[in-house]
Structures are given as structure tokens and as C-alpha cells.
Amino acid sequence: MPEGDSVFRLAVRLRRSLDGRVLARGDLRVPAHATDALDGMRVIGHETHGKHLLTRFDTGLTLHTHLRMQGSWTVTARGRTLPRALLPDARVILGVRDGPTAYGLDLPVVGLLLTRAEVDVVGHLGPDPLRRDWSAKEAVLRLQRDPAERVAAALLDQRKVAGFGNLWANELCFLRGTHPDSPMGAVDVPALVALGARCLRFSATHTGAYQVTTGNTRRGERHWVAGRAGKPCLRCGEGIRVRAEVPGDPGRRRTWWCPRCQPLASADGVPDRVPDPAPSEE
């Protein structure tokens, strides 16, 4: 799933391929920028903020892109091109002289703006655990502003913390033993933020750890709850529950949880339902 760690890894790959090089071809295949040619510009860097990618050029311009749910990037080696069947999906084409070409496919957000105006597209975002200016204190303050808000919804609000998508929201709730519908006032927010930041960083920077929350890379066992509706909980054996979408969520994202490991808590932190005792080993 495209989340903050996805975009961070993408930026690392694009830096290796493009940074410091001059574009022999720079096409933006979207109506708003169809006549804006980037040819001859030098790529000077890639930065991320949450799920947003910023590609900066030596002309004082920045290319702003966002994957959302359907977008992707692919990089072809020197002398190779994208398969013809995929070319109609290319919204961005960045090819460096005597080097690779990066293709942004089916990107829902493509914008070109002055670098000094980047705040216009990312200034609303909350702190990002993958950035050097990360502030856990600020993230905690933002998440605590509405004690009645559901924890899953709060984690998905990029204005509070940038980078957590639906997979991480669900997995972090499980790892903290928190029902996704629990109010924020019943949650140990500093502990949740510390765990989330640590998990996102590990996923973004360690080989083989990308979005593996269980420590097990076997198919079907990479996640505790996400995508495992009806399957037995890997911790207690209870069937994983799923709801079609988060109430009020325009993204219509699903919510998964284990009813035994994640009892629903009230605003005072007391579980509304005490989980059944674990089965005896005898």
C-alpha cells in the first residue's frame, strides 16, 4: 500500500537514478502542464513529506507528485524504454542524458510550482517520522486535540501525523492492543506515536522489512490484521474482523481488528468488553 515508507523508498531510488543529472527529456503529460518542458533542467534533489514527493530542479522549480492508491514509478536502464502498452499511463517522463529514465504511471497528482512555494502543497501536513524535522511532541499534541476522535481516523489524518496510511493505522492499533474505534482520549498517545515512528522508519530503511509488521515474511503472515479478514489471529487464534470502511472516510478504507486482542475502550480507558481468557495450554 502506498504510505509514507513507500514514498521514502521511492525517493531513494529516484535519487540514485536522477539526482545531479541533466534531463534530456522531461515531459508532464497532464493538461495543466502539457506545454511545460523540463528538458535541460538539472535534478538537484528529492524530498518527501508524508505521501508527497517533491522533485527539485536547478531552475527554482519543483515537481510535486502523489501516488494516492493507484500511482507508481518505474525506472528503466539506459537504452531501454517502457513497454508500449504502458506508455499511455505515463503522466511524468524524466530521462537523463546517457542514463536511466523514470516514468510516473497513472499519477493522480502532478504539479509544477516554484520551489519557494512548496509550502502551498505540503504546509498543511503534520510532522513526518521520516523527516529530519520530525517532532514527536508536536505529533502527540495534534493527535490529542480531539479526545473523542476514533484512533484509526486520527492516524489517517495527514494534518496530524504525515505518513501513516490504512495499513499502518490498523497494524499500530493491533500492536498497541487498541481497538480502532477507541477514542483518542483512551489511548496512550506518546507510546502510540513512538511505536509508529519506529515502525515506519524500520520499514523505510531496512532491506526485507518493508511493511512487514509481524517479522514474518511468509505470504499471508506479514501483517497481524490488515488484509486478514476471517483468518485466525496470529496471536490468539480469534477470527479477524473487518468493516467495509471507516465511518466518514472519503477514501472508503477498510478497518481490521482482532476482537480478543483489541477490546474496545471507553473514553476513560476502561474496556467496554473484557476479552475472553486465552485458551489453556493444558
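Just so it is clear, none of the values below were taken in a lab; they were calculated from the coordinates. The structure displayed is predicted, hence computed values, not measured ones. Cβ coordinates were reconstructed from backbone atoms using ideal geometry, including for glycine residues, and neighbour counts include every protein chain displayed.
Couple of notes before you dig in:
- For the range 141-253, the square roots a ≥ b ≥ c of the C-alpha gyration tensor eigenvalues yield an a/c of 1.5 or more together with a/b not exceeding b/c, which makes the shape oblate.
- Vicinal HN-Hα couplings computed from phi for the range 40-49 (Karplus, 6.51 cos²θ - 1.76 cosθ + 1.60; Hz; Gly/Pro x): x, 7, 9, 7, 10, x, 10, 10, 10, 9
- Length available on full extension from R254 to E221: 0.36 nm per residue minus the Cα-Cα distance, which gives 10.0 nm.
- The modelled label-to-label distance for the pair R235/D120, using points 7 Å beyond Cα in the direction of Cβ, is 4.6 nm.
- Rg/Rh ratio calculated on Cα atoms of the range 6-62 (Kirkwood radius): 0.97
- Neighbourhood charge, 14 Å Cβ-Cβ cut-off, centred on A136 and excluding it, Lys, Arg +1 and Asp, Glu -1: +3
- Computed Rg/Rh of the range 68-198, alpha carbon atoms with Kirkwood Rh: 1.10
- Taking the range 53-164 and dividing mean pair separation by its residue count, relative contact order in percent (alpha carbons under 8 Å, at least six apart): 24 percent
- For the range 165-224, trypsin sites (Lys or Arg not before Pro) are listed when DSSP marks them as loop and at most 15 other Cβ atoms sit within 10 Å of their Cβ; the list is R218, R219.
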